[in-house]
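Remarks on the structure that follows.
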Amino acid sequence: MSPFALLAAAPAALLQGGQGGGIFFPRPVTEAAAEHDRVFFLIFWIAAFFFALINVGAVVFAVRYRRRRKGEPVEKSPSHNTRLELVWTIIPTIIVCYLFWSGLKGYVDRRTAPPGAYTIYVTGQKWAWSFAYPEGFASNELHAPVGRPVKLVLTSNDVLHSVFIPAFRIKMDAVPGRYTETWFKADEAGRYNLFCAEYCGSQHSLMSAPVIIHRDRKTFDDWVKSQTDLSDLSPLELGQRLYTLKTCSSCHSTDGSKIVGPSFKDLYLSERELEDGSTVTADEDYLRRSILQSTAQVVKGFSPAMPDFSAGPLKVQPNELIGLITFIKAQSEAGRAELEAAGAGAEGGGEQQEQQ
Amino acid sequence: MSQAKLAHHFESVEQQFDTAKLGMWIFLLTEIMFFSVLFVAYTVYRASHADAFQYASQFLDTNLGAANTLLLLLSSFTAAWAVRCAQLGQKRGLMLNLLVTVVCALGFMGIKYHEYSHKYHEGLLWGGARHSIFKADPAQVLPEMKHGHEGGGESVWESHHVETMDPALKKQVGIFFGIYFCLTGLHGIHVLVGIGVMLWLLWRASRDHFGPDNFTAVDLGALYWHLVDLIWIFLFPLLYLIS
Amino acid sequence: MTHAHDPSLNYLNCRKGLRSWLGTLDHKRIGVMYMWSIIASMILGGILAMLIRAELWAPNNGDPAQAVLSQDTYNQFFTLHGAIMIFLVIIPSIPAALGNFVLPMMLGAKDVAFPRINRLSYHLYLIGAALLVVSILTGGLDTGWTFYAPYSTTTETSVVVAVFGAFVLGFSSIFTGLNFIVTIHKMRPPGMGWFKMPLFLWALYATSIIQILATPVLGLALMLIAVERIMGVGIFNPELGGDPVLFQHLFWFYSHPAVYVMILPAMGVLSECFATFSRKHIFGYRFIAYSSIAIAIFSFIVWGHHMFVSGQSQLASVIFSALTFSVAIPSAIKVFNWVATMYKGSVSLDTPMLYALSVIWLFGIGGLTGLFLATLSTDIHLHDTYFVVAHFHFVMVGSALFSFLAGVHYWWPKMFGVMYREWPGRIACAVSFVGFNLTFIPQFLAGTHGMPRRYWDYHPMYEPYNKVSTIGAVILGLGLVWALVNLLRSFGSGRQAPANPWGAATLEWMTPSPAPPHNFDFAPAVGDPYDMDLVRYDESIDGYVPVRPHPDDPHIPLVEPAEQEDEQ
């Protein structure tokens, strides 16, 4: 597009807004968001009035009293007027007091969850979010039903992160070593964005998560059920699920591209060159060790950034380990052939993770 | 005895002296703000973990702290006396007082060195230090820190059952030592600078640079020294006398 | 003590050679060296800004192959852009460059109180800048200019060298502030009471208070980051029982007042410009003077408004929000007074005044958008988005940097004795103004729609805003380069500047341009700094001369010694 066409298109793009939500905001989908927008526009119109006042004043004076001739005589006028100056000291004082007051309620409301809210523990970690639900499972998606207050209790495993959901107008930092909280009650089903708003390194701008608001309680409960019930999944299906649940997907691609760690594509049985120059074949034992003790054998060109999956909150259970290894196998020719031969069925290949 | 040299941009010697003095006071103000960071950190952690601070404070030797306090008080006194001598033009008195100030300051640093090396050998350090016995994971504590040292006797690790200490308490004890070393270390750097200043003044005094009309440098040096003393007067009770 | 000397001798040509500059004690030469160093740093920071805008031209869809810069490079560039522009450009811009040059002359003095400390301050500036360059060469810096723990204590880039650089720059700033306070207290000439000082000096005085009280706090907080990295002391490390939020408190205790180190002297420049170019006494002198001090005091009690969503207690946030609004009032007073000064004046639209009028617009937006961020409810949504980025660029660039440019054009004749050409200067100002608004107004909208700051990649919905913003940045860059070229051309073709080209009544204009080595051949008498009737236009030199020249020096007006103390 030429710069001229862009300039011509710009005003239209600005007025149209992002997702059809007006010039300034995405459409508010919580009461708190509507309250936020009300306060915003209150300030906006007051600010616009004063902005117009001083700029019109400045332009009018600059034109009306412009210098027509150098050295022209200047009419005497007062250099101060205490009454006038007190007026333009006191009026702004009253206005800002009012603004403070009007912003107070919305803040306290959004910081204090109502009693009985559905509580989700959110953990930030370079560079993915994990949401732990009270039913005892974790996901890297934030799901909730319409109309139910949801409290988010945040913490971080490494550096500062911040949960930011523009459609709900909420934001709260995730601080290592302590819990912080915020909450929301969405009034409209849909899919919204959650961004990380506190700078956290390389992948900061990619550290987002989908927020899915279900249209009623039943669809939400169905989703919860599908998440908790992992018992009758095949190892490959389990691995597929864990690939997103354990946030492997935020660092390891399945299409060959390098994100943070090596891609899973064609990984199984390939020769890996390590940091110290030695090579190793990526067989089952190597995969097992790399999942449980990722820093032991780091492939050349990568940093030992993977969290510990052998203990702690992220601990991988024995059956989960088999699932993950099966899933990684299914991403390469050799592994698929092996799985087919074993009759396990390899149809759950690499594309499934696209269909979220 | 020499006269003060009047710099080209001043009108009078009095103006020059007043200016230098105000400059020094403002510099001392920035020094206080400098230290205030650590005092704020101290206040925050002590307010939230008073018990850990009281517990940790018992490892500091109050007698050595008190001795250092006396040394600094004495040196502050001789620094003030040095200014008086300079104003009266008494060269010998000036030099003697400056010398005593330096000796006291060196004594202070000697005692400080003794305290530091003792802490280091006992492992009384912040949690992140290699020789610390207050590490979050007891398995990471160096073996030599656990079991006594050459002089015999029980190690702090053993005598205070650090292995089974409440982890939260242990962390805060580590923080206490972190703040202790930062505060006293920063103060120690200031004492070293002060020793340098006093030696410089001594050298200038020996060359007859000062006199009743020219004692600005002595006056300002002493002001700085009083601040270093004053900060210690705060440090001593806050660190040593809370157990 | 007047002693006759060659009238063609001035501070620029009295001594020659690089060593006569680097080793000088002359406040004017130090000010000029600061100015060129700042302009050089600004070019470096500007190039980084252009690369950042190039990266943000289009979204990358998470794919580094589509990006102009890799993620890590981008993170380093925005960090360095921020660190350079804040520590090397805007904080020293007006105080250290223009303030150093003008302050003693406005007092009718020969130099600042401590010329050696002044020189030390400049040398520390050079060392600090060198250390920042060393950190770039030894692994870069990717913490953001805010150095938030625990990221800054764990990242693998060259943080220790960089914080040491910032520490040294802090002392450069402290020594400048210390010098100015003492100079203003002790070296005012007889007859110049506090309320006979030009408002630029009030602004510098207020700025200096902030510099000496707040900068040490940043210095030590940054040293604690270094100590943490080297020795693992743990004061900000949650794993060792430390608190990362404490670092934010210490950081903003300096860094919010630092915003006023940037804007207060800018307001001082504007006060001079509005009076001079309207040929009128400044309106509401006392209110403007007191408002500078009020801003300096309030600046120390509002830092928590950077932390409404950081996990600090709700009560603390509420208190900080209330206190933050207090800053709005003195700022508003100043703007009203500047506009009122033009009333019934003889308003000239020379380049410095054009910049000053631009700042009315830009500071209007920058200041008023601050209301949204001080308000608790709206800050939750806007915090750490592009709304904040746009807001502080309107204040730091739109207001502080444009005022710096106003000041550079205003005092350029006094610095170098030549006049730049007016029309190219005005056009460059207009181009910069348009480019600036085009760059940053779309960023407000990206921010309200939720685009977080420090993003290497963004959701495609934010693309239109970023497109316009990048185009605006190119125009802004062109305008600034144009202004610089126009100034530089004056060395070759500019006409000789008269002593007082604009008709101001402050003392720095009561001596030839460029100034003699010791500023004044004859100590000027002090009148009202805004009594424009002291000077009249003289067509033969296209400048202003005293209405009643002093018998000993034609540059100095004769002032009745029995002027009343009060300025009214």
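The values are calculated or read from the model by the stated rules, or taken from the named source; none is laboratory data. Note that the structure is a prediction, hence the values are computed from the model and not measured. Every residue, glycine among them, receives a Cβ derived from its backbone with ideal geometry; neighbour counts consider all protein chains shown. All accessible areas refer to the heavy atoms of the entire protein, side chains included, with ligands and DNA or RNA removed. Shrake-Rupley method; radii C 1.70, N 1.55, O 1.52, S 1.80 Å.
Of the two radii for the protein assembly as shown, the radius of gyration is 1.00 times the Kirkwood radius, both from the alpha carbons; that is the Rg over Rh value. For chain B, the longest principal axis of the C-alpha atoms and the axis of helix B:13-48 are separated by about 10°. The residues C:299, A:226, sorted by heavy-atom accessible surface at 1.4 Å with ligands and nucleic acids left out, run A:226, C:299 from largest to smallest. Residue A:222 contributes about 80 Å² of solvent-accessible surface, heavy atoms of the protein only, 1.4 Å probe. Wrap a convex hull around the Cα atoms of the range C:119-207, take a quarter of its surface area, and give that in square nanometres. Dividing the Cα hull surface by four gives the mean projection, 7.1 nm². Across the range A:208-254, the volume of the C-alpha convex hull divided among the residues equals 89 Å³ per residue. Other protein chain C-beta atoms within 10 Å of residue C-beta, averaged over C:470-477: 1. Taking the range A:118-228 as the region of interest, the number of lysine pairs whose Cα atoms are within less than 19 Å, with members eight or more places apart or on different chains, is 5. Of the chymotrypsin sites (Phe, Trp or Tyr not before Pro) found in the range C:83-140, none is in coil by DSSP with at most 10 other Cβ atoms within 10 Å of its Cβ. Per residue of B:22-29, other chain Cβ atoms within 10 Å of the residue Cβ number 6 on average. Which one, C:97, C:171, C:76, projects farthest toward the positive side of the charge dipole computed for chain C from Cβ point charges (K/R +1, D/E -1)? Going by the charge dipole, the pick is C:97.
The dipole here belongs to chain B: it is taken about the Cα centre, uses +1 on the Cβ of Lys and Arg and -1 on the Cβ of Asp and Glu, and is about 460 debye.
Stick to the Cα atoms of the range C:465-542, pair each with every other, and give me the Kirkwood hydrodynamic radius in Å at one decimal. One over the average 1/r among Cα pairs gives 16.0 Å for the range C:465-542. Here the range C:165-183 is scanned for amide nitrogen atoms under 20 Å from the site 7 Å beyond the Cα of residue C:126 along Cα-to-Cβ, giving C:165-177. Note on the range C:58-148: Rg/Rh from C-alpha atoms, Kirkwood Rh, equals 1.19. Hydrodynamic analysis of the range A:24-102 uses the Kirkwood radius over alpha carbon pairs. Inserted into Stokes-Einstein at 4 °C and 1.567 mPa s, it gives a translational diffusion coefficient of 79 µm²/s. Helix B:91-122 and the longest principal axis of the C-alpha atoms of chain B enclose an angle of approximately 10°. In a DSSP loop and with at most 16 other Cβ atoms within 10 Å, the GluC sites (Glu not before Pro) in the range A:97-195 are A:135, A:188.
Residues whose amide H comes within less than 5 Å of that of residue A:143, counting only those at least five positions distant or on another chain, are A:212 (H built at 1.01 Å from N in the peptide plane). When the convex hull of its Cα atoms is viewed from all sides, chain A shows a mean projected area of 28.9 nm². Where in chain C are the DSSP H helices whose alpha-carbon span along the long axis reaches 27 Å or more and whose Kyte-Doolittle mean is at least 1.6? Correct list, ordered by number: C:159-186, C:199-231, C:351-374.
Using a probe of 1.4 Å on the protein chains alone, the accessible area found for residue C:379 is around 0 Å².
About the centre of its Cα atoms, the range C:24-546 shows a dipole size close to 1100 debye [charges on the beta carbon of Lys, Arg (+1) and Asp, Glu (-1) only; nearest 20 debye]. With a Förster radius of 60 Å, plug the Cβ-Cβ distance of residue C:133 and residue A:231 into 1/(1 + (r/R0)^6) and report the FRET value to the nearest 0.05. Between residue C:133 and residue A:231 the formula returns 0.50.
Per residue of chain A, the DSSP helices (runs of n ≥ 4 H) give a summed -39500 (n - 2.57) that works out to -12500 deg cm²/dmol at 222 nm.
Accessible area ranking (1.4 Å probe, heavy atoms, ligands and nucleic acids excluded), largest first, for B:232, C:423, C:36: C:423, C:36, B:232. Tell me, which longest segment in chain B has none of the trypsin sites (Lys or Arg not before Pro) that fall in DSSP loops with at most 13 further Cβ atoms within 10 Å? Longest site-free region, per DSSP loop and neighbour criteria: B:6-129. Divided by 2.2 N^0.38 Å, where N counts the residues, the Cα radius of gyration of chain C comes to 0.96. Averaged over the residues of C:145-154, the number of partner chain Cβ atoms lying within 10 Å of the residue Cβ comes to 3. Between helix B:167-206 and chain B there is an angle of about 20 degrees, using the helix long axis and the longest principal axis of the Cα atoms. Calculate, for residue C:66 and residue A:271, the FRET efficiency according to 1/(1 + (r/R0)^6) with r their C-beta to C-beta distance and R0 35 Å; round to the nearest 0.05. So, using R0 = 35 Å, E works out to roughly 0.70. Note that the range A:71-146 shows a convex hull volume over its alpha carbon atoms of 258 Å³ per residue. Along chain A, counting only trypsin sites (Lys or Arg not before Pro) with a DSSP assignment other than H, G, I, E or B and at most 15 other Cβ atoms inside a 10 Å radius, the longest segment between sites is A:77-177. Placing +1 on the Cβ of every Lys and Arg and -1 on the Cβ of every Asp and Glu, with no other charges, gives the range A:118-228 a dipole of roughly 160 debye about its Cα centre. With Cα atoms as the point set, the range A:118-228 shows a radius of gyration and Dmax of 13.2, 39 Å. Taking GluC sites (Glu not before Pro) as exposed when DSSP calls them loop and at most 12 other C-beta atoms lie within 10 angstrom, chain C has its longest site-free stretch at C:157-564. Calculated on C-alpha atoms, the gyration radius of chain B divided by its Kirkwood radius gives an Rg/Rh of 1.10. The order of the peptides C:284-296, C:215-227 by mean Cβ neighbours within 10 Å, most packed first, is C:215-227, C:284-296. Shown here is the pair-distance distribution of the range A:235-342: with all Cα-Cα distances grouped in 5 Å bins from zero up to the longest one, the shares run 2, 12, 23, 29, 20, 10, 3, 0 percent. Once you place label points 7 Å from the Cα toward the Cβ at residue C:57 and residue A:109, how far apart are they in nm? Placing both labels 7 Å beyond Cα along the Cβ direction yields 4.4 nm. For residue A:135 and residue A:215, a Förster radius of 30 Å and the Cβ-Cβ distance give a FRET efficiency of 0.95, rounded to the nearest 0.05.
Given a cut-off of 19 Å, name the pairs among A:246/B:171; A:258/A:300; B:5/C:28 whose C-alpha atoms lie farther apart than that in the structure shown. Cα-Cα > 19 Å for A:246/B:171; B:5/C:28; rest within.
Of the GluC sites (Glu not before Pro) found in the range A:251-305, the ones in coil according to DSSP and having at most 14 other Cβ atoms within 10 Å of their Cβ are A:275.
Dimensions of the range B:2-133 along the principal axes, based on C-alpha atoms and rounded to the nearest Å, stand at 60, 32, 25, largest first.
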